[in-house]
Structures are given as C-alpha cells and as structure tokens.
Amino acid sequence: MIDEKITELKLPYPGGDDRLVRVYVPAHEEGETIPVIYMTDGQNLFDEEHATYGCWYTREAVRAERNSSGKAAVIVGVHNDGSPVDRANDLTPGTIGEVLCPPQMRSLLDPRGEVFADFVVNTVMPAVEEKFPVQSGRENTAFCGSSSGGLEAFFIALSYPHVFCAAGVFSPCFMFYTPDDLFKWIRGRLGDNMPYLYLYSGAGDEHEKVICMSTEQTYDMLAECYPPESLNEVILMDQPHHEKAWAQIFPDFLHTFLSKSSVL
C-alpha cells in the first residue's frame, strides 16, 4: 500500500507567474489508478494552514468515501489565492455575456475565465496525468468549484464536455449575467453526451439568497433543454455562502461522481 500524499506543482500560467497546484493522491495499491477531480481554490481544499476563509477537508471526504464504498479520487487544487480581484478575473468568463457588476468594480474587472479553463485543460491536466496515478479519459474526470469557482466549473464543463463527465457547481455566480445572455450561451453549448451537472446552493445569508435565486432560475433554463438524467439541483436553505457549507456538500458530489464514473 502506498501512503496518501500531497504534492505541490508550480506550472506556467499564461501571461504571468507560475501558478501553484496541489495534488492529493489518496492511499492506494501499487499499480492502481484513480479517478480525478480538478478544483478551483486549491488553497482552501486540504488544510487550515493554507485556507483563506475555511477548509473543505477534501482529504477526509475521500478517506470516508474509500472506507464506505471502496472508491476514491485524486483531488487537484489549482490555487486562486491572489487578491479578490485577481480571483474574480480568473474565475469569471467573458464570453458568456457582459458581466454585471457594481460600477466601482467595472474598471478593475478583466474577465479571464477562458484563460483559466485553457490552463486547466492544456497545462494542469497533462502534468497531472504524466506524474500521478490518475485514470485518464472523460468518464474518470470531473471539475468542481464554489462561488465564482462554481461559475467557472459550469463554464469549463460545458466548454469541454469531451473532457469532463461531471461538474460540481456550488453556489455559482450566475447573477453575473443577464438570463438572456446565459440562456443563449447554454443553448450554444448543447450537444451529445453532456456532462452531469450537480448544482448546489444554500440560502442561509443574504449573498447566498441572491445566488439561490439565480441558481434556481438557471436550473429552470437547463430543464428546458438539458438531458434530464444529467441534471441535479440541491438547495439547502439554512446553509451560508461559506467553505463550511461546501465542505458539507462535497462528499455527496464526490460519491455521485465516483458512482457515475464506474458505470460510464
């Protein structure tokens, strides 16, 4: 048995410095390969030491899943630990439509979600598949994020449906776009073999209530055109916009992804 381990990579990010990526490989047998979940906000996934606002405890979730089902996942966390504006730029796509934001933010916002998506698919994934015991292929690969990261997870999954079979879309900032722009973009991405979308929102504080409204609105849009077997919505009304809420829901997404990856 090979012990679990977190490995740090520094990979060249387009137009800037290297980006820190941390890779958690759970305990596994020699020669075993494991499905993989790529995630935003790597600084918040594994431990309190690196966490900015709170920890997802993904290692503990993977251990528990291994104990209960025998399945596990490699977790790849891409750091978004620059300034709040830098993070927002990383995780906000510009091609969905005009980004709605307060006037004081407009001069600072430079949406580059497309650059982040390209970095994940064309730099991070090849490096991970070369160095770690991950199962390659769409059916073994998922993406997950929260808040702006939830929006980016949605964007990446629908932009690269041939790469990802599932996305954890947690507390997504769909309200950054008009419903018309968002629906037009969704319709333009539809095709065969669309990824499974696990949409989650709470409603336990004012920010999360706004997100909940836009999540339910987007779910209704998707229900008109998206394969129903590939669509799920979870609303937990008492949960706030916080890492502790995403830490609670992540194990269910993990289990759902691993259950689906074993039958695809």
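FYI, it's all coordinate maths here, none of it is from the lab. What you see is a predicted model; the values in this text were computed from it and never measured. Cβ placement follows ideal geometry from the backbone for every residue including glycine, while neighbour counts extend to all protein chains displayed.
Using a simple spin-label model with points 7 Å from Cα along the Cα→Cβ vector, what separation in nm is obtained for ALA223 and VAL210?
Distance between the two pseudo-spin positions: 2.5 nm.
Report the relative contact order of the chain, percent, no decimals, based on alpha-carbon pairs under 8 angstrom and at least 6 residues apart.
On the way: 520 pairs, mean separation 48.2, N = 264.
Reported as a whole number, the value is 18 percent.
Taking the Cβ of GLU8 as the centre, find all other residues whose Cβ is under 12 Å away and add up their charges (Lys, Arg: +1; Asp, Glu: -1).
Values: positive: LYS5, LYS10, ARG19, ARG22, LYS131; negative: ASP18.
In short, +4.
What's the center-to-center distance, using Cα atoms, between region 59-98 and region 199-224 in Å?
19
Between region 152-194 and region 15-56, how many Å separate their Cα centres?
Region 152-194 and region 15-56 have Cα centres separated by 23 Å.
Tell me, what is the FRET efficiency for ASN67 and ARG187 to the nearest 0.05, using R0 = 45 angstrom and their Cβ-Cβ distance as r? Spell out each step's value before the answer.
Numbers: r = 42 Å, r/R0 = 0.94.
The computed FRET efficiency comes out at 0.60.
Give, in whole angstrom and from largest to smallest, the semi-axes √(5λ) of the equivalent ellipsoid of region 1-63, with λ running over the eigenvalues of the Cα gyration tensor.
On the way: eigenvalues 102, 55, 17 Å².
Gyration-tensor ellipsoid for region 1-63: 23, 17, 9 Å.
Once the cut-off is 13 Å, how many percent of the Cα-Cα pairs in region 218-264 end up in the long-distance tail?
Considering region 218-264, 67 percent of its Cα-Cα pairs are separated by more than 13 Å.
On a 0 to 90 degree scale, rounded to 10, what angle separates helix 206-225 from the longest Cα axis of the chain?
Orientation of helix 206-225: about 90 degrees from the principal axis.
Give me the net charge of PRO240's neighbourhood, meaning all other residues with Cβ under 14 Å from the Cβ of PRO240; Lys, Arg count +1, Asp, Glu -1. Don't skip to the end; give the middle numbers.
Numbers: positive: LYS209, LYS244; negative: ASP205, GLU206, GLU208, ASP238, GLU243.
Residues close to PRO240 contribute a combined charge of -3.
Taking every DSSP beta bridge with both residues inside the chain, roughly what % is antiparallel (nearest 5)?
Details: 13 of 38 bridges.
Taking every DSSP beta bridge with both residues in the chain, the antiparallel ones total about 35 percent.
Taking every eigenvalue of the Cα gyration tensor of region 5-261, multiplying by 5 and rooting it, what semi-axes result, largest first, whole Å?
Working: eigenvalues 136, 85, 68 Å².
They are 26, 21, 18 Å, listed from largest to smallest.
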